Every structure is written in structure tokens, then in C-alpha cells.
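K.L.:
Got a structure here, written out as C-alpha cells. Questions coming.
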């Protein structure tokens, strides 16, 4: 399974015949609003969306949406690339067995229609033409996938929109408060160890055609935004893209970092996703880097989705604090 973090159109997925149902468990104060009360909201593209009531049978085309729904107590009826989600987001695991409706870049319209959803949640990573097709099946909430200008704020905005749609606003408030508490706890733990302002670089990497590609997570990435809230200094000087805040470099580019704390997340199910202990282990440039020689390279636990919601980011905070303070 090759991970595609910024989805793009893939080969057409064969039509599947799938049926499923989802569950929503709204908090007590949300129940009081009445399950049949109509909901009017504005999605991430500024489009007004009308629902007959809290959505229950939901299709999610992106993993960050899936994670947020689970965190809100909602089990999605159908998900794009279920196998991939199970491999890459074990921090917030599926609690049901949703139907698989194809790839994230090109979900199967026939498979989605077969689920008979009352809501489809997509993101702006999906082509506009595909979103228009989805709107012929059911109401669609199109969330802004990411925003390098305010990565953490975009994460919580998306959570709030999903909470509106599912009648779980009280749960969303609880999740946000827990996340803020986790930030404060992690910031204090790092400061107590003299790590406030510590230069820190987070990346992931891949081997493609025997070539190592490294992707820096700049200050505009969600991980980068969380790191700054923790009081760490982002050591990357490369420019990230305007949505995800992701850059690109190679092993020679790492020589510009100096002596930093370097961390990454790989995945044992994808042998090409961890060049740092694979192909680079014998690379002379890699082994000469100050942070490698000083044993300041940290592999954080698998299964923390770097583009997820408050729960993934909370587990990321626990992981980076544990790695840097051990």
C-alpha cells in the first residue's frame, strides 16, 4: 500500500455493490435539540448545506474526516480505503466495519450510492467534478483539507462543522478542551527539561525507484503548528505548500539542519516508508549528520496520523514529549 497524503486522481475504481448503516451518539444536550430538527450549516468552501436532522449514515472520503467522526462518537457507514486507514491511523481505530468505497483520490460513485447515505463528507483534495457527482447522491459537506496559514485552527474548524452535522457539538467542545490541556501539559514538560525553543525537525520519507525522498513538515503543517504550540522551534528552512505546509528535500538537504532533534513516523506495513533505518542506514551523508551521530533521531510510534484530528495530535504530543525527555 503506497500512502498518498495529498490525494490525486487514480485509476477508475470498479463499481461495487455495498450497503451499510452508521451510528451517531450525540451528547445529552444535543439530543435535547430533537433528532428531527433541520440543520443548516456552512461547509469549508462557504457552501450552505441543509440536513433534515443529525446525519447518521455517513460516507467519508478522507481519513482525517473518518478520524474526527470516530472521535465525535460517529461510526461512518463507508470509508475510502479502509485497509489504508487501519494501517496508518491506529491511534483512533475504527469501531465498526465500514464499507470500502474505493480510493481517496477517486471514490466509487456507484459504491457510495449503494450505501444510501444521508450525508457525504469530502475535502477540497477531491476534484470539484467528483464533488459535483457526489451531490447527486446525497448532501455533501466539503471541508477545507488543510491550511498552512492556520493548520491547528483549520483542524478544529473542520471538527466543529462535523459536530454541527452530527449533533455532537458538546463532544467537540470536550475534544478541543482536552487537546488544549494536552498542549499545555506537553509545553510544560518540555520547558521543565530545558527544551523550550529547542530546534526540532519532523519529516517522513519514501523510497521510490531506489531514490530516497524526504518530506519536511514546515511550520505550516499540522505537526508543525502543534510543535510551535509546544514551544519547539521548527528547524526547517524549506518552503512548504500552501495547504499542508509540506516541503521536499533529499539527504543532502538535511545537512542544512545542523544539530537538531529529528523525528519521523514510518509504518512497518509499508517497507518504502522508512528510509531512515533502511536505505539511509549505510549512506555516508546521513551517517555524518550531527543529529545522527549524537543519537538525536527519534522514530515516533506508528499509527499516529499526521493529518488527523485532536486525538491523533494528542497522541503525537505524548510521543514527542516522551522521545525528547527520555
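K.L.:
Can residue 210 be described as over 20 Å from residue 306 (Cβ atoms) and either at pLDDT below 95 or within 20 Å of the chain's Cα centre (by Cα) (or both)?
P.N.:
Working: over 20 Å from residue 306 (Cβ atoms): yes; either at pLDDT below 95 or within 20 Å of the chain's Cα centre (by Cα) (or both): yes.
Here the answer is yes, as residue 210 does meet what is asked.
K.L.:
Among the helices (runs of 4 or more DSSP H) contained in segment 253-326, which hold 1 or more residues that are without any contact (Cβ under 8 Å) to a residue 40 or more places away in the chain, within 20 Å of the chain's Cα centre (by Cα) and buried (at least 18 other Cβ atoms within 10 Å of the Cβ)?
P.N.:
Counting at least 1 such residues, we get 310-325.
K.L.:
In segment 175-211, what residues are in contact with a strand residue (DSSP E or B) (Cβ under 6 Å, 6 or more places away or on another chain) and either more than 12 Å from residue 321 (Cβ to Cβ) or part of a helix (DSSP H, G or I) (or both)?
P.N.:
Of everything in segment 175-211, those that are in contact with a strand residue (DSSP E or B) (Cβ under 6 Å, 6 or more places away or on another chain) and either more than 12 Å from residue 321 (Cβ to Cβ) or part of a helix (DSSP H, G or I) (or both) turn out to be 197, 199, 201, 202, 203, 204, 205, 206.
K.L.:
Take segment 121-147 and flag every residue that is in contact (Cβ under 8 Å) with a residue 12 or more places away in the chain, assigned to a helix (DSSP H, G or I) and more than 13 Å from residue 58 (Cα to Cα).
P.N.:
Residues satisfying the conditions are 130, 133.
K.L.:
Here is a further query. So which of 198, 188 ends up being at pLDDT 95 or above, buried (at least 16 other Cβ atoms within 10 Å of the Cβ), more than 16 Å from the chain's Cα centre (by Cα) and farther than 16 Å from residue 313 by Cβ?
P.N.:
Numbers: 188 fails: buried (at least 16 other Cβ atoms within 10 Å of the Cβ).
The match here is 198.
K.L.:
To continue, here is another question. Being within 24 Å of residue 41 (Cα to Cα) and modelled with pLDDT of 95 or more narrows it down to one of 240, 245, 224, 153, so name that one.
P.N.:
Result: 153 is the single residue among 240, 245, 224, 153 that is within 24 Å of residue 41 (Cα to Cα) and modelled with pLDDT of 95 or more.
K.L.:
Only residues that are assigned to a loop (DSSP other than H, G, I, E, B) and surrounded by 21 or more Cβ atoms within 10 Å (Cβ to Cβ): list them for segment 219-234, please.
P.N.:
Selection gives 220, 221, 230, 232.
K.L.:
Would you call residue 197 closer than 14 Å to residue 261 by Cα and free of Cβ contacts under 8 Å to residues at least 60 places away in the same chain?
P.N.:
yes
K.L.:
Just need a number here: residues in segment 148-174 that are crowded, with 22+ Cβ neighbours inside 10 Å and assigned to a loop (DSSP other than H, G, I, E, B).
P.N.:
Total satisfying the criteria: 2.
The values are calculated or read from the model by the stated rules, or taken from the named source; none is laboratory data. Here the structure is a predicted model, which means the values were calculated and not measured. Counting neighbours? That spans all protein chains shown, and the Cβs are built from the backbone with ideal geometry, glycine included.
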